[in-house]
Each structure stands twice: as C-alpha cells, then as structure tokens.
Amino acid sequence: MIGNEAERTVAENYRRFALHEAHGRSPLYEQLALGVADDPELVAFLEDRPASKRQPNLLLATVRYLAGLPSDRAALRDVVLGRRDEVAATMRARRTQTNEPARCATLLPALAQIDGPLALLEVGASAGLCLLPDRYGYHYRRADGGDVHIAGSPLLTCEVRGPAPLPSRAPKVVWRAGIDLEPLDVADPDDLRWLACLLWPGEEGRAERLDAAAAVARADPPRVVRGDLVDDLHALADQAPPDATLVVFHSAVLAYVPTARRAAFAEAVGELGAVWLANEAAAVLADLPHPPPADLPAPPPGPTPSLLVRDGHRPSAWVDGHGTWLQWLDG
Ligand SMILES: C[S@@+](CC[C@H](N)C(=O)[O-])C[C@H]1O[C@@H](n2cnc3c(N)ncnc32)[C@H](O)[C@@H]1O
C-alpha cells in the first residue's frame, strides 16, 4: 500500500502502478496492470481479496509462480479467472517480499557516515539480502567520471548525482539481524522461486543479481526472525552488542504497514536511541511525525523514487526504488 492506496479503488491502484512504477522499467507489467485496471471481472476478483492482498506485485508474481510469465493481457486474464481458487490461495499465502540487494548501493553512503563498527537491524528484511552491504561490490558511476569501485560480488552499479559522500570501502559490520512477518530462506528453493517471480520483466540483471546475492547469503546466512516491526523491535535490538553503533533501517517496507502503525514504528525506533535510516517512498514518509519538507528539489523524471532519510531529518537523497541511481541532496 503506497501512501493513501487504501483510499484508491483497485482500478486506480493498478493504473497508478502501471503509469508511475512500471512505466520506464517494465513495458509488459505496465500493459498487464493497465489490462487489470480496464477489466471489471479482474477488478471484481481483486475486490474479493483482503485489502492487504490486492497489490499488483502480488498478483503478477502469483500468476508467474503458478503459470509462468503471461505474454499479454489475455494470458493474464486466462490464468486469474481460469484458476481463480489457486490464484486466491497463493495470494493469501504469500506476500510482496521483493528483496533487492541493489538497494544496498543507495544505503551505503549513509551507512558509511556513521561511526562504526555497526550493528545492523533491518525491519522488513524479507530474506535478509539488504543486511549484507559489506559483502557486495559497488561501482558508483558519476557523470564527471569520478567513479568509485569497491570490489566484491555481485557488483552493484549505481549512477550518482550530487555531492554524495561515497565511501572507498564498506563499513565494518559486527552484528546483523532482521525482522520480518514472514522471513524467506535463501536456502529454500521455493522461497527463492517466489523471490524470482517478484522481479519485473524488462529490468536487466535483476535475476542474476538475486542469484549472486542469495549465494553470498547462503555462505553465511543473516539471521531474520519472525516478528512485527513495532511489537518485536526492542527485543531484537536488545541483542545488539553495546560497543557497536546500532543502525535500524528499512527499505520499501512501510508501504505494507497500515498507516497508524507507521507512526507507532517511528516512536518505537525513537525510544531506542539508535541511528535510523529510512529508504521509503515520499508518500509513505508523509505519515511519519517528521514528513519530508515541501521545498525538496524535484526528483528526476521517471518511476516514482524513494527518499533516504536519517533520524527523521531532512532527506539526504532521492534514490531509485530498485537501487540503480541516487541523487544526493545536501552538501
Ligand atoms: C517489499 S519487501 C522489502 C524487503 C527488503 N527491505 C528490501 O528492500 O529488499 C517488504 C518486506 O516487509 C515485510 N513486512 C511488511 N510488514 C511488516 C511488519 N509489520 N513487520 C515486519 N515485516 C513486515 C514483508 O513481509 C516483506 O518481506
């Protein structure tokens, strides 16, 4: 649920997803989502699902999981209406849990500004692939040619605009743990297949990056506990070593948290005295006690980006939701 998604109709949400998220990234998903928005039977099917189980990502990944990638609107329709019980059951059982390791490239400059060593606690961690920023490689590309390379695999490539404080190495991480309502296991082939089904066709390199990051994770899996980001945050944070700087972070999570719980989460983080990094859509951050200011420079044109915010302050950067670019905002 992005921002006030709950107030929009199903058709409006699918049209918004098509035009503001898939457009420019995935022409097929743009067409499929518009096809849903225009089809009263598909809309009625989705209206029968609980409000938290109607997202385009969830429907499209479910169809892919059950029947492979639909080639067009008619193929999508055939699967949803022809196998409606299976589609409904999978949507009920699964969640939108896209785990994009490339988001580490947009988090790294902010992480590197924090005095270490670091204890990382990620809420909404999915399979925990964003808990491994110190184990991946980076190629930050600047238009002026001042590129920065950090060796490792997978190599996360990120276009940089503005005066981003790019580190020359990843920070030292001495402890890491995640919370998720439904942790995924990178050693479980079915969970990995679900993660792959959540990728969008047309975005090159994501499948290879997922496989490579999952291999890194399997070599030394990050711990992700089952729990809720408000109710279970303090118990997990209490396990962090006291001689490390605790960093609570999240990316693309609060959109799936009911609006009233977003403020409760902000309060729970505030009580910890930890560093807090949020990588979320501006519309979602607007529900927190310190919403993004109205005078921010406009983001570059294209799919709706996210904001990177430390401790509820003025945002540090606009970032691509899938980690491919960042635009640093302050000096
Ligand atoms: C879109 S995924 C993002 C995963 C990861 N942060 C990333 O950026 O790749 C959102 C994750 O948040 C989790 N989630 C949603 N609501 C949650 C809650 N109340 N408590 C803990 N996790 C939650 C979901 O299960 C899902 O794995």
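The values are calculated or read from the model by the stated rules, or taken from the named source; none is laboratory data. What you are looking at is a predicted structure, and each value in this text was computed from that prediction instead of being measured. Cβ sites come from the backbone with ideal geometry, for glycine too, and all protein chains shown count toward neighbours.
Summary table
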item	result
Matching residues, the stretch 91-122, being of a type in the set (Val, Ile, Thr) and within 12 Å of the ligand (Cβ to nearest atom)	96, 98, 106
Among the candidates 36, 43, residue that is over 29 Å from residue 301 (Cα atoms) and either of a type in the set (Phe, Trp, Tyr) or surrounded by 16 or more Cβ atoms within 10 Å (Cβ to Cβ) (or both)	43
Candidate set: the stretch 283-310, residues that are in contact (Cβ under 8 Å) with a residue 40 or more places away in the chain and farther than 15 Å from residue 266 by Cβ; chosen: the one nearest to the ligand (Cβ to nearest atom)	306
Pairs, first closer than 15 Å to residue 311 by Cα in the stretch 113-124, second exposed (fewer than 14 other Cβ atoms within 10 Å of the Cβ), C-beta under 8 Å, six or more apart	113/165
Residues of the stretch 135-146 that turn out to be modelled with pLDDT of 95 or more and more than 16 Å from the ligand (Cβ to nearest atom), as a count	5
In the stretch 204-230, the residues that are farther than 30 Å from residue 17 by Cα and within 15 Å of the ligand (Cβ to nearest atom)	216, 217, 222, 223, 225
Residue that is surrounded by the fewest Cβ atoms within 10 Å (Cβ to Cβ) [pool: residues in the stretch 230-251 that are among the hydrophobic types (A, V, I, L, M, F, W, C) and either in a strand (DSSP E or B) or without any contact (Cβ under 8 Å) to a residue 24 or more places away in the chain (or both)]	235
Residue count for the stretch 129-143, restricted to those that are crowded, with 19+ Cβ neighbours inside 10 Å and not in a loop (DSSP other than H, G, I, E, B)	5
Condition check for residue 179: assigned by TED's automatic domain parsing to the domain that holds residue 206, under 30 Å from residue 258 (Cβ atoms) and among the β-branched types (Val, Ile, Thr)	yes
Matching entry among 278, 237, 255 (being touching a strand residue (DSSP E or B) at 6+ places or on another chain (Cβ under 9 Å), at pLDDT below 95 and within 15 Å of the ligand (Cβ to nearest atom))	255
Single match in 211, 185, 190 (criterion: of a type outside the set (Phe, Trp, Tyr) and part of a loop (DSSP other than H, G, I, E, B))	185
Search result, residues across the stretch 305-323 that are buried (at least 19 other Cβ atoms within 10 Å of the Cβ) and in a loop (DSSP other than H, G, I, E, B)	305, 315, 316, 320, 321, 322, 323
